[in-house]
1. May I ask you to say which residue of 44, 15 is within 13 Å of the chain's Cα centre (by Cα) and within 13 Å of residue 79 (Cα to Cα)?
2. Please determine, by comparing only the residues of the stretch 56-82 that are assigned to a loop (DSSP other than H, G, I, E, B) and closer than 13 Å to residue 8 by Cβ, which one is farthest from the chain's Cα centre (by Cα).
């Protein structure tokens, strides 16, 4: 799991940690995070799509995103919980 942890960007780790604690659609997450961090909505969408391709996040358009089992493990590791 260490390899996955180190290859994720800081924004991707933030997205995973956020999805661990709250339900959000892609759009609502992009709006919220783009206000909280210096990042455009399109950047958030690109990071979400990459996390989906990696199998860490799943969800259809308009539906709440959810972490996969692997996504939950990586999210907890990224948050420092060993």
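The values are calculated or read from the model by the stated rules, or taken from the named source; none is laboratory data. Note that this is a predicted model, so its numbers are computed, not measured. No Cβ is skipped: glycine too gets one built from the backbone with ideal geometry, and neighbour counts run over all protein chains shown.
1. Unique residue meeting the criteria: 15.
2. Residue satisfying both the conditions and the ranking: 79.
Residue-wise test of (1) surrounded by 12 or more Cβ atoms within 10 Å (Cβ to Cβ); (2) part of a helix (DSSP H, G or I); (3) touching a strand residue (DSSP E or B) at 6+ places or on another chain (Cβ under 7 Å); (4) modelled with pLDDT of 95 or more.
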| residue | (1), (2), (3), (4) |
| --- | --- |
| 4 | yes, yes, no, no |
| 11 | yes, yes, no, no |
| 38 | no, no, no, no |
| 43 | yes, yes, no, yes |
| 52 | yes, yes, yes, no |
